[in-house]
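Everything on this sheet refers to the single structure shown next.
The values are calculated or read from the model by the stated rules, or taken from the named source; none is laboratory data. These numbers were taken from a predicted model, which means no experiment stands behind them. So basically every Cβ, Gly included, is an ideal-geometry build from the backbone, and we count neighbours across all protein chains shown. Please note that ligands, DNA and RNA were not included when accessible areas were found on the heavy atoms of the full protein model with its side chains. Shrake-Rupley method; radii C 1.70, N 1.55, O 1.52, S 1.80 Å.
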Amino acid sequence: MNPQEPKTDFGIFYPMGHIVVAFPSYEDAVRVQKDLLTGGYEREDCALYRSEQVAAASKENLEDHTGWLARLGKSDEMVRKHLEAARHGAAFAVIYAPSDIDAERAMNVVRRVPFEFAHRYRRFAIQVMK
């Protein structure tokens with residue numbers, strides 16, 4: 001998703017230390033980003049992506065990495081969820097949240113608006129946030 005430095009695991013998108021959030025509207029994603037910036041985040045630590053960007057990146061990622069190593073964990077399953085949401089027009093935020101405290105603070109801001117899902121990428125697991 002981030003063209004400068006995609007974070008992957010065996011080639012599949014895996015932004016460890018980040019939360020990927022899908023929002024029904026781009027406006028909600030922008031509101032969350034503004035609130036995070038107000039709270040001290042840097043723009044690169046709460047990046048926004050439009051549905052077209054995520055759909056293209058997710059589709060390419062899944063097509064390019066079909067080996068068994070890429071499918072070993074849950075990464076490809078999550079990318080499929082990202083692709084499906086993007087195809088339905090979801091906007092995305094990728095929020096840096098390396099610790100439990102950071103993740104909870106970020107989710108306190110995310111919860112202020114409707115969101116479809118939030119996936120926190122940890123070292124050995126992808127946590128569904130609520």
> What residue, among those in segment 59-74 that are part of a helix (DSSP H, G or I) and either out of contact with any strand residue (DSSP E or B) (no Cβ under 7 Å at 6 or more places or on another chain) or at pLDDT 90 or above (or both), is surrounded by the fewest Cβ atoms within 10 Å (Cβ to Cβ)?
Replying inline: Glu63
> For segment 75-130, how many residues meet the condition of being of a type in the set (Ser, Thr, Tyr), surrounded by 18 or more Cβ atoms within 10 Å (Cβ to Cβ) and not in a strand (DSSP E or B)?
Replying inline: 1
> Which number in (1) in contact with a helix residue (DSSP H, G or I) (Cβ under 6 Å, 6 or more places away or on another chain); (2) within 21 Å of Glu63 (Cα to Cα) marks the one condition that Arg120 misses?
Replying inline: (2)
> What is the residue count in segment 12-40 for residues that are within 16 Å of Asp100 (Cα to Cα) and not aliphatic (A, V, I, L, M)?
Replying inline: 3
> Just wondering, is there one or more residues in segment 22-41 that are modelled with pLDDT under 95, under 21 Å from Ser58 (Cβ atoms) and not in a loop (DSSP other than H, G, I, E, B)?
Replying inline: no
>> Filter segment 27-58 down to the residues that are touching a helix residue (DSSP H, G or I) at 6+ places or on another chain (Cβ under 8 Å), within 20 Å of Asn108 (Cα to Cα) and open to solvent by 60 Å² or more (accessible area, probe 1.4 Å) and list them by number.
In response: Gly39, Arg43
